[in-house]
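In what follows, a structure is listed as structure tokens, so that the remarks can point back to it.
The values are calculated or read from the model by the stated rules, or taken from the named source; none is laboratory data. Quick caveat, the model's predicted, so the values are computed rather than measured. Neighbour counts are summed over all protein chains in view; Cβ atoms, including those assigned to glycine, are modelled from backbone coordinates with ideal geometry. Ligands, DNA and RNA are excluded from the accessible area calculation, which covers all protein heavy atoms including side chains. Shrake-Rupley method; radii C 1.70, N 1.55, O 1.52, S 1.80 Å.
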Amino acid sequence: SVADFSYRKFKKIADLVPFTQTEWANILHLSERTLQRYAKNNSSFEGIYTDRILEMQELIETGLETFSSSDAFYRWLKKDKQILGHNLNFESLYNSRGIIELTDQLARIQYGVYS
């Protein structure tokens, strides 16, 4: 449930991709130190962070289905992409709209419909 989303659950998702702790902190809008405290205590994330983690889980699952490896997916995220008139890249993961747009783009790749 969203009310009890422990660091351990987050770690299972985070371990699927080669993101750094700094990158995860930026995606979640937390300091690295706060993220380390969550890890140390296996604390449960507040709702707003849980929502972002679940958005990222969907993106990661779609990315891993689309690419041959987590490294290939990571490299794709790191590259600038002009999509529907604007730029998407790794920093797009810092807001929900960017995560949704990247997830949509992965679906287009899977269906062979590129923007």
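Kindly check whether there is at least one residue in the stretch 73-96 that is closer than 15 Å to Val17 by Cα, of a type in the set (D, E, K, R), under 14 Å from the mean Cα position of the chain (by Cα) and open to solvent by 40 Å² or more (accessible area, probe 1.4 Å).
yes
Taking helices (runs of 4 or more DSSP H) that do not extend beyond the stretch 1-80, which have at least 3 residues that are of a type in the set (D, E, K, R), on the phi > 0 side of the Ramachandran plot and touching a residue at least 24 places away in the same chain (Cβ under 8 Å)?
Those helices (runs of 4 or more DSSP H) do not exist here; none qualify.
Six or more apart or on different chains, Cβ under 6 Å: which pairs go from a residue in the stretch 81-106 that's over 13 Å from Leu59 (Cβ atoms) to one that's open to solvent by 20 Å² or more (accessible area, probe 1.4 Å) and in a loop (DSSP other than H, G, I, E, B)? Could you list them?
Cβ pairs passing all conditions: Ile83/Ser115; Leu84/Ser115; Asn87/Asp80; Asn89/Asp80.
Do you know which of the residues in the stretch 41-68 that are within 18 Å of Ser92 (Cβ to Cβ) and charged (D, E, K, R) is farthest from the chain's Cα centre (by Cα)?
Checking each candidate, the answer is Asp51.
What's the total number of residues in the stretch 88-115 that are more than 27 Å from Ser31 (Cβ to Cβ) and not hydroxyl-bearing (Ser, Thr, Tyr)?
Of the residues in the stretch 88-115, 9 are more than 27 Å from Ser31 (Cβ to Cβ) and not hydroxyl-bearing (Ser, Thr, Tyr).
Working only within the stretch 1-21, note down all residues that are at pLDDT 95 or above, surrounded by 16 or more Cβ atoms within 10 Å (Cβ to Cβ) and over 19 Å from Leu77 (Cβ atoms).
Residues satisfying the conditions are Tyr7, Lys9.
Against the condition touching a Pro at 6+ places or on another chain (Cβ under 8 Å) and modelled with pLDDT of 95 or more, how does Tyr74 come out, does it pass?
yes
Given the conditions (1) under 14 Å from the mean Cα position of the chain (by Cα); (2) of a type outside the set (Gly, Ala, Ser); (3) within 15 Å of Val17 (Cβ to Cβ), report the number of the one that Ile100 does not fulfil.
(3)
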